[in-house]
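Take a look at the structure set out below.
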Amino acid sequence: MAFVEFPLNKAFMLFEPGPVILVSTHDGKKNNLMTISWHMVTDFTPTLALTTGPWNHSFKAMMKKKECVLNVPTVDIIEKVISIGDCSGKDTDKFKKFELTPLPAGEVAAPLVADCLACLECKIIDYIEEPGIFLLQGVKAWIDNERKERRTFHANGDCTFVVDGETIDLHHLMEDKIPF
């Protein structure tokens, strides 16, 4: 594992395809992880939204600390990622149980997940209670350029998942929209 800083103005591209992600939090005492697929970029900046609420243990830490890290896992750890979403951080140390490695972040107390392809440290800028949407501002982005597995996976909503496949380059159609 060798994370290097990633350009913050391109961080939206890590989340644009909507992969299943791990949200890491720190409540002042311990780290936690939550699996989520209900997130989206809001534009070409590192501003994102995700949906969760008081039913998730991580929600309390997010409300209290106003920060989190969005971590992009790859298909090689898909079973761990999905299993993380099937237990509660209230009574489970998910980093220990699923043998994942927390790393210190640069701008927030929540950890980066060393086992992931990329991480985006975020500050929470708003919470819309109904329908339970957090607005997040990315403050620092990371990517592991040495990671061999780069395919992310996407939830279909019925306990099945799609794994990334062939990449099709259409820069010539969109160059004027993408930041340098």
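The values are calculated or read from the model by the stated rules, or taken from the named source; none is laboratory data. All values reported here derive from a predicted model rather than from experimental measurement. Backbone-built Cβ (ideal geometry, glycine too); neighbour counts: all protein chains shown.
Pull up segment 159-171, narrow it to residues that are modelled with pLDDT of 80 or more and of a type outside the set (D, E, K, R), then point me to the one that is farthest from the chain's Cα centre (by Cα).
That would be Leu170.
The single residue among Pro104, Pro111, Pro73, Pro54 that is under 12 Å from Ser24 (Cβ atoms), free of Cβ contacts under 8 Å to residues at least 12 places away in the same chain and not acidic (Asp, Glu) turns out to be Pro104.
Modelled with pLDDT of 95 or more and in contact with a helix residue (DSSP H, G or I) (Cβ under 6 Å, 6 or more places away or on another chain): does that describe Phe98? It is true that Phe98 is modelled with pLDDT of 95 or more and in contact with a helix residue (DSSP H, G or I) (Cβ under 6 Å, 6 or more places away or on another chain). The numbered conditions (1) modelled with pLDDT of 95 or more; (2) in a loop (DSSP other than H, G, I, E, B); (3) of a type in the set (Gly, Ala, Ser); (4) out of contact with any strand residue (DSSP E or B) (no Cβ under 6 Å at 6 or more places or on another chain) are all true for Ser88 except (1).
Looking at segment 140-168, which of its residues are surrounded by 18 or more Cβ atoms within 10 Å (Cβ to Cβ), of a type in the set (Val, Ile, Thr) and in a strand (DSSP E or B)? The answer is Ile143, and nothing else.
The single residue among Asn145, Asn156 that is at pLDDT below 95 and not hydrophobic (A, V, I, L, M, F, W, C) turns out to be Asn156. Against the definition (surrounded by 17 or more Cβ atoms within 10 Å (Cβ to Cβ) and closer than 20 Å to Pro131 by Cβ), how does Leu50 come out, yes or no? Criteria met by Leu50.
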